[in-house]
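Please treat every number below as a calculation from the coordinates, not as lab data. A quick note: this is a predicted structure, and the numbers were derived from the prediction, not measured. Note: ideal-geometry Cβ built from the backbone for every residue, glycine included; neighbour counts use all protein chains shown.
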C-alpha cells in the first residue's frame, strides 16, 4: 500500500514536472508547477511530516506561485516577440543540465540508497510539537541565522526597489 | 476503519455541505433585504411569501441562461476558474468543529470532519489557494479588464494574508495548539479568546473582509473602473459560481472567526446541563447563532462603508495592519511573560 502509493505519487510528480518544462504557454507551465508542488505536499504527508506539508502548501503553492503567475501575466511572452536563443547557448544549457543530473545521481548512489526501503527513524518528528522542540533546542543557532539571512535579503530587496532620491 | 465510521463521516460531510450551501443561498436574499432596509426600499418580495423563494428563482435564472465562452479564451482554464473558486470555498469547513461530541447508538460521534493537528494552517492554505480561481478565470477570459482585476485581487490577497497570519500567531502563542478542536475546547463557558486578543481579532476580521473580497475591499470587482471585474466575460452559472463562492466564503470565515475568537460552540453556563447530547445540540445552535451574527455584520458593513481606493487599500494592509499585528505579537508575548498566560 505505502510503496505503491509512493510510486504512483512519484509518477504524477515527475509527469507534472515534465509538463512544466514542455508546456509552450508560460501560464500553463506555472500552473503545472503548482500541481507539482501539490504532489510534493502529498509526499510530505506520506512521510508523516504534517507541518512541512502544510507549510509547503501555503508558501510554495499559495504565495510563491501566485507571485510567479502574477509577474508572468504582466509579460507578453509570445513566440514572435520572444528572442530565440542561439543553438550554441541551447547546447551549453543541455550540457550543464546533464552535468547537474550526473552529480545528483552520483550523490544518491554514493549515499547508498538503492533497493533498501526507506525507514523513518522517528516517525513523529514531523509533527509540529516535535519539530518545534528540535528547531528551538538543537538547531537554534542555524535557525536564527537563517532568519537573519532572510531579513537581510528582504531589506536588500526593499533597498533595490526603492527609487533613488536625488 | 469500520462501516459505521464511514457512514457517520459521509452523513456529516453531506450535512455540512448542504447547510453551508443553503446558508449561502439565503445570505444572498438577506443581503438584498438588508440593502433594501438600509436604502429605505422594500427589497425582493415577489417570489413566495416575503420573497423567500427569490434565491431559487435566481438559481433557475442563472442555470437556464445562455452560456457564452469567448472565442479567444482558453476553454479549459475558463471553466476551471469558477470551479476552483467554488471548490476552495467548500473545503475549509472540513476542519471546523461544529459542536461537542454526540452520543448516538452507543457511539461517540464527533461533529468535526477531520481533526488534523495543523487545522489553523490548513485554513490558511485553503485561503491562499482561493486566489487561483480568480486569477485563472481573469487570465483565461482574454480580456484586459478581467486580467487587471485578477492581478489586483492577487496582490490584495497576498498583502492581507501576511497580516492575517501575524494576527493569528499571537492567538497561537496563547493557545499553544494549532488544532481548531483544542482551541474551541479551551474557550469553554465564557472564556473566549476575544477578551484576551481584541486587537488580534480586529486585524483578523479586517483581513477576512479583504480575503473574501467584501466591501470595503471589493476591489477585484469594481464596475466603475473595470467594467465588471474578473468575471466580466462570464455568463450563466459560471458567473453564478463566482458570486456564490463569495457567500460561501463569508459563511466559512464567519465560522472561523466564531471558533477562533468567539468561543466556537461554547456558551455561558454550559456545564450546568447534565445531558451531553442536549448540551452539544445547544452548542451547535449557539455556534450557528454566532455565525449568522457575523454574516449580518458582513452585510451591514457592505451597505454602510464605501469602497477603498487602491492605494488606500495597500497602505492599510502594509503600513497599518502588519505593524499593528507585530505590536500585538510583542504585547501578547509580554502578557504571557508577566501573567503566565
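Distance from the alpha carbon centroid of region A:1-31 to that of region B:290-325 works out to 39 angstrom.
Taking the C-alpha atoms only, the angle from helix B:198-211 to the longest principal axis of chain B is near 30 degrees.
Relative to the longest principal axis of the Cα atoms of chain B, the long axis of helix B:322-339 makes an angle of roughly 0 degrees. Helix B:54-64 versus the longest principal axis of chain B: what is the Cα-based angle in degrees, 0 to 90, to the nearest 10? Tilt of helix B:54-64: around 50 degrees. Per residue of A:28-40, other chain Cβ atoms within 10 Å of the residue Cβ number 1 on average. FRET efficiency for the residue B:225 to residue A:133 pair, using the beta carbon distance and R₀ = 60 Å, is estimated at 0.75. Shape class of region B:189-341 from the alpha-carbon gyration tensor: oblate, with a/c at 1.5 or above and b/c at least as large as a/b.
For region B:1-54 and region B:110-163, what is the separation of their C-alpha centers, rounded to whole Å? Centre-to-centre distance over Cα atoms comes out at 23 Å.
Taking 7 Å steps out from each Cα toward its Cβ at residue B:284 and residue B:269 produces label points 2.3 nm apart.
At an R0 of 35 angstrom, the distance between the Cβ atoms of residue A:140 and residue B:334 translates into a FRET efficiency of 0.95. When each of the peptides B:319-326, B:27-34, B:5-12, B:80-87 is scored by the mean number of other C-beta atoms lying within 10 Å of its residues, the order from highest to lowest reads B:80-87, B:27-34, B:319-326, B:5-12. Among the residues of B:122-135, the average count of other protein chain beta-carbon atoms within 10 Å of the residue beta-carbon is 4. As a rough guide to protection, the peptides B:126-139, B:62-75 ranked by mean Cβ packing within 10 Å, highest first, stand as B:126-139, B:62-75. For chain B, the relative contact order comes to 23 percent (Cα pairs under 8 Å, sequence separation of at least 6). Would you look at the GNM of chain B, springs on alpha carbons closer than 10 Å, and say which of B:76, B:308, B:124 moves the most? Largest GNM mean-square fluctuation: B:76. Counting Cβ atoms of other protein chains within 10 Å of each Cβ in B:153-163 and taking the mean gives 2.
A Förster radius of 22 Å combined with the Cβ-Cβ distance from residue A:10 to residue A:48 puts the calculated FRET efficiency at roughly 0.80.
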